[in-house]
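Inspection log for the structure reproduced underneath, given as structure tokens.
The values are calculated or read from the model by the stated rules, or taken from the named source; none is laboratory data. Remember, it's a predicted structure, so these values are computed and weren't measured experimentally. All Cβ positions, even for glycine, are placed from backbone atoms using ideal geometry, and neighbour counts span all protein chains on display. Accessible surface areas use protein heavy atoms only, side chains included; no ligands, DNA or RNA. Shrake-Rupley method; radii C 1.70, N 1.55, O 1.52, S 1.80 Å.
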Amino acid sequence: MSEEKSLNFIEEIIEKDLAEGKHASIITRFPPEPNGYLHIGHAKSICLNFGLANKYGGKTNLRFDDTNPVTEETEYVESIKADIQWLGFSWANEFYASDYFEKLYEFATTLIKKGLAYVDDSNSDDIAKQKGSPTVPGVRNKYADRTVEENLELFTAMRNGKYADSEKVLRAKADMSSPNMHMRDPIIYRIKHAHHHRTGNKWCIYPMYDFAHGQSDSIENITHSICTLEFIPHRELYNWFIDKLAIFPSHQYEFARLNMTYTVMSKRKLLQLVNEKHVTSWDDPRMPTISGMRRRGYGAAALRDFCDKIGIAKRENLIDLGLLEFCVREELNKTALRRMVVFHPLKITITNFDKEVEWVNLEDNPEDPNTTYRQVPFSKEIYIEQDDFMEQPPKKYFRLFPGGKVRLKGAYIIQCDEVVKDNENNIVELKCTYIPESKSGNDTSGIHVKGTLHWVSIAHAINAEVKLYDRLFKVENVAEAEGDFKEYINPDSLQILDKVYAEPALANVNFDDRFQFLRKGYFCIDKDSTANQIIFNRTVTLKDGWAKEVKKQS
RNA sequence: UGGCCUAUAGUAUAAAGGUAGUACGACAGAUUUUGAUUCUGUUUGUCUUGGUUCGAAUCCAGGUAGGCCAACCA
């Protein structure tokens, strides 16, 4: 069948492994270091790892790679778990590399006994120098000749806290002339008298990534250990340890990490944005973090759909932010409640409308065949959007202008009779007449208008605050832009409208509601809202064909 | 310039020696009580040079371009 979705290269490997009986079922893992918040790039990895397990009937462990106590905190552990759950995935086990510290210590001891590890007293500069360069082989120092007994004794003393930080390290005895720098007797244990978020002060030596990750995979019987491209050079070491320790042979596979236009994805840079207050927090709606996107109103299904659409490959990529926005809109279009909100009001008085109020019936969501309805008050004085009126309209403008007609969504067709201005020639009000036979739903007027505007009855309007977000950076490829990335921050990424006019249905809302403000965009309720002041975040704009037309004309 | 990875429309991603397809974008049109949505159509591509073959995006050889690797980070 041509409908069948093609496989990515990792799925191909898995299907082959399964078909050959290499594994009865697969186990994957998502291994974040708890030193920051998860971002959309992590979402790609999460969807991959959990998605693979779901697809092939396997399971996925959540494993915190917490081998560096100085950068890791419980706060991050909690946020990571919340983000994964929100994305809609469940882990089979919650593990920590720190669960395995004792086991890893034994592994190190095993290596020492096999003559494959030694304690080195050199400082980091000397170790770096002795490593050589990609073109110059490294040389071993005298410490490499220590006996097994001496190494065992020193390593035990390291563990027991006899030495200060940096005084000694444990190194694997691998291959000092390997073209792969990671094989040149890598450091596998270092001394850090630091408090660990889980093990407290129990340990003062900690394994390095290379001596923890593969072994942790192996301990958990991970069949397919999937990481990003920059770990390719580590794979040789990963396999070396598994081989020398003769433990379960997990295998590492690498895919290209996600890059997106108009944002940054490195934890270092994101941390900088937060610390230097370019954004308010990790969950600032402009951040590419999962928590930021959640707060902005992006749906979990949209994020999963996005991760599915971008695919998995080994080529460097830069994904268009527009694709993410497409996924977000696609989900919201089906679910968001339609409401009318005027951002920049222009008063209209309907001179021939004499009732105090007329309640009109509007669909909550026309995309939903089973849509519910709401009552919206229509009255003599209403607001429309300032840019829905022009005294001298350009070509193809089919909003309101002097003598022109438009429909007010769900209500009547009106005609603009008079423009009222103040002393400074600003338009302050429009006098209009409505056509009584044109009522929405039973229009017998025979009049056809091209434009339909959103509106709100002044007397019934409620006030709210709206936060409009735009891309965080001014340039597409921030990583490649010259100089400090912070020079490219978009100064207009946040625009606050502290008083907009909303239809009264928005007085009763639930925190989880998603809205489409007609002709304005998709919105959600910000967590900073209070009983007195509701704050809406603009999740994403609607596509704007008119803006495009205007741009073309100019 | 030591080793490793990669190269398909503007951006991603398929095609496992046999019609280069899909999504987003762009453009044009239809529908529309949201200039939204929906629908239809159009446009644009195999890094390069050779070779093998009836036939190459795919296999081989040589170029070229981009990326990664020399943290007591992960």
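Figure legend. Inter-residue proximity from region A:103-124: first residues under 13 Å from A:T156 (Cβ atoms), second residues open to solvent by less than 50 Å² (accessible area, probe 1.4 Å) and among the basic types (K, R), beta-carbon distance below 6 Å, spacing 6+ or different chains. Indicated pairs: A:V119/A:K168.
Restricted to region A:388-417, and to residues that are within 39 Å of the chain's Cα centre (by Cα) and in a strand (DSSP E or B), which residue is nearest to RNA strand B (Cβ to nearest atom)? That would be A:L408.
If you filter region A:359-396 down to residues that are free of Cβ contacts under 8 Å to residues at least 60 places away in the same chain and β-branched (V, I, T), you find that the one that is surrounded by the fewest Cβ atoms within 10 Å (Cβ to Cβ) is A:T372.
The combined condition, being in contact with a strand residue (DSSP E or B) (Cβ under 8 Å, 6 or more places away or on another chain) and either more than 14 Å from RNA strand B (Cβ to nearest atom) or open to solvent by 30 Å² or more (accessible area, probe 1.4 Å) (or both), is fulfilled by A:F50. Before we move on, is A:L453 away from RNA strand B (no atom under 11 Å from the Cβ) and within 30 Å of A:N352 (Cβ to Cβ)? The answer is no for A:L453. Evaluation of A:Q272 against the conditions (1) crowded, with 18+ Cβ neighbours inside 10 Å; (2) within 18 Å of A:K486 (Cβ to Cβ) shows that the sole unmet condition is (1). Selection of region A:451-492 for residues being open to solvent by less than 40 Å² (accessible area, probe 1.4 Å), of a type in the set (G, A, S) and over 16 Å from A:G521 (Cα atoms) yields A:G451, A:S457, A:A461, A:A481.
Among the residues making up region A:325-358, those that are near RNA strand B (Cβ under 9 Å from one of its atoms) and in contact (Cβ under 8 Å) with a residue 60 or more places away in the chain are A:E325, A:R329, A:N333, A:A336, A:R338. Of all the residues in region A:189-201, those that are surrounded by fewer than 17 Cβ atoms within 10 Å (Cβ to Cβ), in contact (Cβ under 8 Å) with a residue 60 or more places away in the chain and either within 21 Å of A:F95 (Cβ to Cβ) or not hydrophobic (A, V, I, L, M, F, W, C) (or both) number 2. Of the candidates A:K5, A:K16, the single residue that is in a helix (DSSP H, G or I) and not small (G, A, S) is A:K16. Counting only residues that are open to solvent by less than 20 Å² (accessible area, probe 1.4 Å) and either in a loop (DSSP other than H, G, I, E, B) or near RNA strand B (Cβ under 10 Å from one of its atoms) (or both), region A:171-185 holds 6 of them. You will find that of A:S166, A:S98, the residue that is outside the structural domain of A:C307 (by TED's automatic domain parsing), polar (S, T, N, Q), in a helix (DSSP H, G or I) and within 14 Å of RNA strand B (Cβ to nearest atom) is A:S98 and no other. Can A:H196 be described as farther than 30 Å from A:F9 by Cα, of a type outside the set (K, R) and within 14 Å of RNA strand B (Cβ to nearest atom)? Spelling it out, A:H196 is indeed farther than 30 Å from A:F9 by Cα, of a type outside the set (K, R) and within 14 Å of RNA strand B (Cβ to nearest atom).
Within region A:207-260, the residues that satisfy the criterion of being within 12 Å of A:L104 (Cα to Cα), within 15 Å of RNA strand B (Cβ to nearest atom) and of a type in the set (A, V, I, L, M) are A:M208, A:A212. One residue stands out in region A:125-158 among those that are open to solvent by 80 Å² or more (accessible area, probe 1.4 Å) and touching a residue at least 40 places away in the same chain (Cβ under 8 Å): the one that is nearest to RNA strand B (Cβ to nearest atom), namely A:P134.
Test A:G115 against the stated conditions and say whether it is surrounded by fewer than 17 Cβ atoms within 10 Å (Cβ to Cβ) and not in a helix (DSSP H, G or I). So A:G115 passes the test. Candidates are the residues of region A:144-174 that are under 22 Å from A:K244 (Cβ atoms) and of a type in the set (K, R); the one that is farthest from the chain's Cα centre (by Cα) is A:R146.
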